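The values are calculated or read from the model by the stated rules, or taken from the named source; none is laboratory data. Just so it is clear, the model here is predicted, and its values are computed rather than measured. Using ideal geometry, Cβ is built from the backbone for each residue, glycine included, and neighbour counts are taken over all protein chains shown.
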Amino acid sequence: MGNTEKIKEKYDEWVREFLLPTLKKIPEWRKFATLFGIDIKPLYTPLDVRDDYLSTLGFPGEYPFTRGIYPSMYRSRLWTFREYSGFGSPEDTNRRYKFLISQGQTGLSVAFDLPTQLGLDPDHELAYPEVGKVGVSIPEVASMSILFDNIDIRKITTSFTINATAAEILAMYITVAESRGIDKAVLDGTIQNDILKEFIARNLYIYPPLHSMRYTTDIIAYTSKNLPKWHPISISGYHFREAGATAVQELAFTLADAIEYTNWVINRWKMNVDDFASGLSFFFAATTNLFEEVAKFRAARRLYARIMRERFGANKSESMKMKFHVQTSGAALTAQQPEVNIIRTTIQALAAVLGGAQSLHVNAYDEALALPTEKSVKLALRVQQVIAYESGVIDSIDPLGGSYYIEWLTDIIEEETMKIIDYVDRLGGMTKAVEIGYPQRAIAESAYQYQRMVEEGKISIIGVNMFREEREPNIELHRVDPVSRERSIRRVREVRENRDREAWERAIRELRRTADGENENVFPYILNAIRARATIGEVSGVLRDVWGEYRPPSIY
Amino acid sequence: MPKPKIIIAKLGLDGHDRGAKVIARALAEAGFEVVYTGIRQTPSQVIETAIQEDAKLIGVSILSGSHMELVGELMKIMRERGVNIPVLVGGIIPPEDRDALLKMGVAAVYGPGTPLREIIDIVKKLVGAS
């Protein structure tokens, strides 16, 4: 009798003679299942794990990268501590960045206000109430320069959460670098630039899907040639999860988006996958369900490596490595007993680290009520530092690898994810799927089912449906200084009056001509317009004119 | 008897609409006719929709921190136009702003974590449905 048969025989005996009699006396107190609806057994054993270590797991830094993308992982270099931050004017935000850097943050992550994200200058009628509220107002180059005042942009990596106006923001960053005598080729950072995700979940889009895909992929083509260290896209599942997707939907729609962008760059620019794939990066959520999240990250790496090699014929190892940033889940934070959020975010951050993330943002405990204060964001950063320097979870690479439960969960997430990717393939890819509203509907359905499960007590949330307290939270909240809005409006008006009118007109004219055609890359023309001090409202105004604005069906 | 009609609206530029959609669906299942405006609505657009649809209640969802300005504008236009429909506000609303919104005439304010049945109950009470 082989080892497997012996274990099987012993397992059946354990169930018969120990487990079932115990359960008869003390029944299980709830149903146990993954958040995406698969039953979880009481115990996992070698019987649940595929017996092909080398092809499914392998070694860190080696295909299929299940155990990590680098051979030495956090023993050589910790992940980047990157708290997402921005509010008010660039002066206010610059102060916050310097504070965070002084507290040990190692990368920056810029939160822009809604007008900047939607290509509206701060003095636009629709922009006015929102200037500087959920992020910093950056409508033109002078503001970008202040944002990075006395920060060495050759050394620090910066992530810009910007999509529908990603090109304008990157162009401003390049222009600031040029004004400081820095070659753009040394710039290192990320623009989110993931428009499909905006159509599916985050809703900050401007142009219709096909024009938006051109905008996004033109940037990828440009940076792969001119900014070799830059990540021109961060393909994001985070927002799907926040909108209510399950872990499997989060992963499946993200990978289906990656497939769509890759196809577009290959077809539009006749590029080889190995010429640009190393620039692709990813962004996921981490919720409080620790093992499900760890397994999701491991499955994500393995699936991506397989997709890049098998579907796109990638040859370079760099093209198959999934590099990802993680943010803890904002939707998992509670306004009730907000201090409990520190415990939640610690577990979520742990999931990201055990999952092998390259960069991490931990939410502050007060974010279900307002933007974080200096105190709360510092505590969030400290969560990362305690995990990194005190917990010992970084001592060995992929420490949960080989756990029967984790490996089973990784396999099942991979299988379930592939089912959705296959379905999207049958629909003709993600742009088509978005146009018919498939992912939007699927996520709205999951969000509703999740809320019902919370109401029925099938999902436990401390302070919300368990251990409630009637008292109101009493914590100090961050307030955006109302003066910052007027400052932003004044500055953009000054820019419009004082620039070289002729150069500006020429750049705008050229941009319009390029956008109107199909064959040229639109990014260099956006860059020229920004260099000529065009504002974000003017550049996206031209593109709105030529490409139109998208009006989606409302699905709930 | 026709179902009472309710408008669920996203005011301002914010695109986070998970809460708005979940509430829209829960109210529809609770027997109301729900019109969801979709994202990026101005206060006057929402009031226009409410008048056209003869709505019995307006539910507004805002997570961008601009609730004071946008709801203030909404209430002002309603007063000017003589529109008298109860308004509910939901989203990321700091406690002290909630009191200010209630002073403006908003019927109720709900933050994250509010059970759906609590919202359905208040809506039923406000529109006088059984």
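Numbers below:
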read-out: Of residues in region B:1-17 being assigned to a loop (DSSP other than H, G, I, E, B) and more than 7 Å from chain A (Cβ to nearest Cβ), the one surrounded by the fewest Cβ atoms within 10 Å (Cβ to Cβ); value: B:1
read-out: Where residue A:93 falls short, out of the listed (1) touching a residue at least 12 places away in the same chain (Cβ under 8 Å); (2) within 14 Å of chain B (Cβ to nearest Cβ); value: (2)
read-out: Hits in region A:102-139 - residues which are closer than 18 Å to residue B:62 by Cβ and either away from chain B (no Cβ under 13 Å) or in a loop (DSSP other than H, G, I, E, B) (or both); value: A:113, A:118, A:120, A:125, A:126, A:127, A:131, A:132, A:133, A:134, A:135
read-out: Restricting region A:229-244 to residues that are under 8 Å from the mean Cα position of the chain (by Cα) and part of a helix (DSSP H, G or I), the residue that is surrounded by the most Cβ atoms within 10 Å (Cβ to Cβ); value: A:238
read-out: Filtered residue count, region B:96-130, keeping only those that are touching a residue at least 12 places away in the same chain (Cβ under 8 Å) and either among the aliphatic types (A, V, I, L, M) or within 18 Å of residue B:62 (Cα to Cα) (or both); value: 22
read-out: Every residue from region A:482-528 that is within 30 Å of residue A:134 (Cα to Cα), free of Cβ contacts under 8 Å to residues at least 24 places away in the same chain and of a type in the set (Ser, Thr, Tyr); value: A:525
read-out: Of residues in region B:18-48 being assigned to a loop (DSSP other than H, G, I, E, B) and touching a Ser or Thr at 6+ places or on another chain (Cβ under 7 Å), the one farthest from the other protein chains (Cβ to nearest Cβ); value: B:37
read-out: Subset of region B:89-130 [closer than 30 Å to residue A:480 by Cα, more than 11 Å from chain A (Cβ to nearest Cβ) and of a type in the set (Lys, Arg)]; value: B:103
read-out: Leading residue by the ranking (farthest from the chain's Cα centre (by Cα)) among those in region A:471-481 that are more than 10 Å from chain B (Cβ to nearest Cβ) and either closer than 25 Å to residue A:121 by Cβ or without any contact (Cβ under 8 Å) to a residue 60 or more places away in the chain (or both); value: A:471
read-out: From B:58, B:93, B:119, B:85, residue being within 13 Å of the chain's Cα centre (by Cα), assigned to a loop (DSSP other than H, G, I, E, B) and at negative phi; value: B:85
read-out: Meets criteria (surrounded by fewer than 20 Cβ atoms within 10 Å (Cβ to Cβ) and either within 14 Å of chain B (Cβ to nearest Cβ) or not hydrophobic (A, V, I, L, M, F, W, C) (or both)) for residue A:359; value: no
read-out: Contacts under 7 angstrom Cβ, first residue in region A:191-217 being free of Cβ contacts under 8 Å to residues at least 40 places away in the same chain, partner part of a helix (DSSP H, G or I) and among the polar types (S, T, N, Q), 6 or more apart; value: A:195/A:212; A:195/A:216
read-out: All positions within region B:73-88 that are under 28 Å from residue A:242 (Cβ atoms) and within 14 Å of chain A (Cβ to nearest Cβ); value: B:73, B:74
read-out: Filter result (part of a loop (DSSP other than H, G, I, E, B) and either more than 13 Å from the chain's Cα centre (by Cα) or among the aliphatic types (A, V, I, L, M) (or both)) within region B:96-112; value: B:104, B:106, B:107, B:112
read-out: In region A:86-108, the residues that are in contact with a Phe, Trp or Tyr (Cβ under 8 Å, 6 or more places away or on another chain) and within 30 Å of residue A:548 (Cα to Cα); value: A:86
read-out: Helices (runs of 4 or more DSSP H) wholly inside region A:364-470 containing at least 1 residues that are out of contact with any helix residue (DSSP H, G or I) (no Cβ under 7 Å at 6 or more places or on another chain) and within 14 Å of chain B (Cβ to nearest Cβ); value: A:374-389, A:438-455
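For every residue, the table says whether it meets (1) modelled with pLDDT of 95 or more; (2) farther than 30 Å from residue B:18 by Cα; (3) of a type in the set (A, V, I, L, M).
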site: A:158; (1), (2), (3): yes, no, no
site: A:167; (1), (2), (3): yes, no, yes
site: A:177; (1), (2), (3): yes, yes, yes
site: A:185; (1), (2), (3): yes, yes, yes
site: A:191; (1), (2), (3): yes, no, yes
site: A:204; (1), (2), (3): yes, no, yes
site: A:223; (1), (2), (3): yes, yes, no
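Matching residues to (1) surrounded by fewer than 24 Cβ atoms within 10 Å (Cβ to Cβ); (2) modelled with pLDDT of 95 or more; (3) within 20 Å of the chain's Cα centre (by Cα):
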{"site": "A:41", "(1), (2), (3)": "yes, yes, no"}
{"site": "A:53", "(1), (2), (3)": "yes, yes, no"}
{"site": "A:60", "(1), (2), (3)": "yes, yes, no"}
{"site": "A:73", "(1), (2), (3)": "yes, yes, no"}
{"site": "A:78", "(1), (2), (3)": "yes, yes, yes"}
{"site": "A:98", "(1), (2), (3)": "yes, yes, no"}
{"site": "A:104", "(1), (2), (3)": "yes, yes, no"}
{"site": "A:115", "(1), (2), (3)": "no, yes, no"}
